[in-house]
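Here is the structure we will look at.
The values are calculated or read from the model by the stated rules, or taken from the named source; none is laboratory data. Everything numeric in this text was worked out from a predicted model, so none of it was measured. Glycine gets a Cβ as well: all are built from the backbone with ideal geometry, and neighbour counts include every protein chain shown. Quick note on the areas: whole protein, heavy atoms, side chains included, nothing else; ligands and nucleic acids left out. Shrake-Rupley method; radii C 1.70, N 1.55, O 1.52, S 1.80 Å.
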Amino acid sequence: MNTLIIGASGGIGAALCEEALADDNVSRLLATSRDPDSLPSHDKLLPVALDLCSTQSMTSAVQKVCADVDQIDRLIIASGFLHDAQHSPEKALRELDGETLQRVVQINALGPMLVFAALEPLLKQATAPKVLFLSAQVGSIGDNRLGGWYGYRMAKAALNQGVRTAAIEAGRWRNDASLVAVHPGTTATALSEPFLARRQGQVQTPQACAALIWQLADQLEAASSGSFLRADGGELPW
Ligand SMILES: NC(=O)c1ccc[n+]([C@@H]2O[C@H](COP(=O)([O-])OP(=O)(O)OC[C@H]3O[C@@H](n4cnc5c(N)ncnc54)[C@H](OP(=O)(O)O)[C@@H]3O)[C@@H](O)[C@H]2O)c1
């Protein structure tokens, strides 16, 4: 099974790489980061440089993947962006900034969809390929009761619509493809770290999260394609 993990250096992405490397069914693991030298060295693993904010980087990354494998059986997009030293999620309209919003949408929604689209030929070659886009419950429009976090919410909602639309098209590939948006659940990583102190619900380790996501991928069937799921397989409202 050829597996591609986008965002393989992240908290959840790195734990997913460990799952993949420990799974004897995985013959090849392609793993991306903006800093591919930071990825683990392993004979099954091909590190690939990928910056979702750069068209040239996305093109080169897809070329490198296509030169290495003829098909992709499992694709997990575990990249994402919520905050950095310059940007915290917006609490109010006055905090909206155009450049930041564009970056948030590029990394969380447009980049993943563009890379996925470029990989279509490799996914079509597989039998029952599984594609999991890590989204977030805060991207659910129906579930939004708190407000705030404009950019991240809008970006994940856009991603969700992209996944749903692509799942309908992939249903015509006739290879039992399944594409889903997945809320991993609150997980202790650099992305969630500033917000964990105020959180009352459960926080899982990246390893526990990755184990659930890996199991979800194993069990995913074409009948569930186009769903928005929790890592344990439960459905979320769009
Ligand atoms: N942690 C949570 O509680 C939680 C909750 C809900 C949803 N999620 C979602 O789960 C996914 C994984 O989150 P995480 O907590 O593991 O985050 P994380 O530890 O911050 O990792 C983020 C990943 O995104 C990649 N990334 C960031 N900017 C990028 C860019 N411009 N181009 C390419 N890759 C980029 C990073 O790769 P490099 O820096 O190596 O390039 C890194 O691998 C995200 O989609 C996130 O929105 C997480």
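Some observations on this one:
- Condition broken by T165, with the remaining ones in (1) open to solvent by 50 Å² or more (accessible area, probe 1.4 Å); (2) among the hydroxyl-bearing types (S, T, Y); (3) in contact (Cβ under 8 Å) with a residue 60 or more places away in the chain satisfied: (3)
- Search result, residues across the stretch 126-145 that are over 13 Å from the mean Cα position of the chain (by Cα), more than 12 Å from the ligand (Cβ to nearest atom) and buried (at least 16 other Cβ atoms within 10 Å of the Cβ): A126, P129
- Odd one out for G234 among (1) within 16 Å of the ligand (Cβ to nearest atom); (2) open to solvent by less than 40 Å² (accessible area, probe 1.4 Å); (3) in contact (Cβ under 8 Å) with a residue 60 or more places away in the chain: (3)
- Screening the stretch 1-18 for residues that are in contact with a helix residue (DSSP H, G or I) (Cβ under 6 Å, 6 or more places away or on another chain) and part of a loop (DSSP other than H, G, I, E, B) and picking the one that is farthest from the ligand (Cβ to nearest atom) gives A8.
- Residue in the stretch 169-184 that is open to solvent by 40 Å² or more (accessible area, probe 1.4 Å), under 28 Å from T100 (Cα atoms) and modelled with pLDDT of 95 or more present: no
- Taking the stretch 19-111 as the region of interest, the strands (runs of 3 or more DSSP E) fully inside it that hold 1 or more residues being surrounded by 20 or more Cβ atoms within 10 Å (Cβ to Cβ) and more than 16 Å from the chain's Cα centre (by Cα) are 45-49.
- Check on T165, modelled with pLDDT of 95 or more and within 11 Å of the ligand (Cβ to nearest atom): no
- Of L114, L16, all but one fail to be in contact (Cβ under 8 Å) with a residue 40 or more places away in the chain, open to solvent by 60 Å² or more (accessible area, probe 1.4 Å) and within 15 Å of the chain's Cα centre (by Cα); the exception is L114.
- Residue check, G162 small (G, A, S) and touching a Pro at 6+ places or on another chain (Cβ under 9 Å): yes
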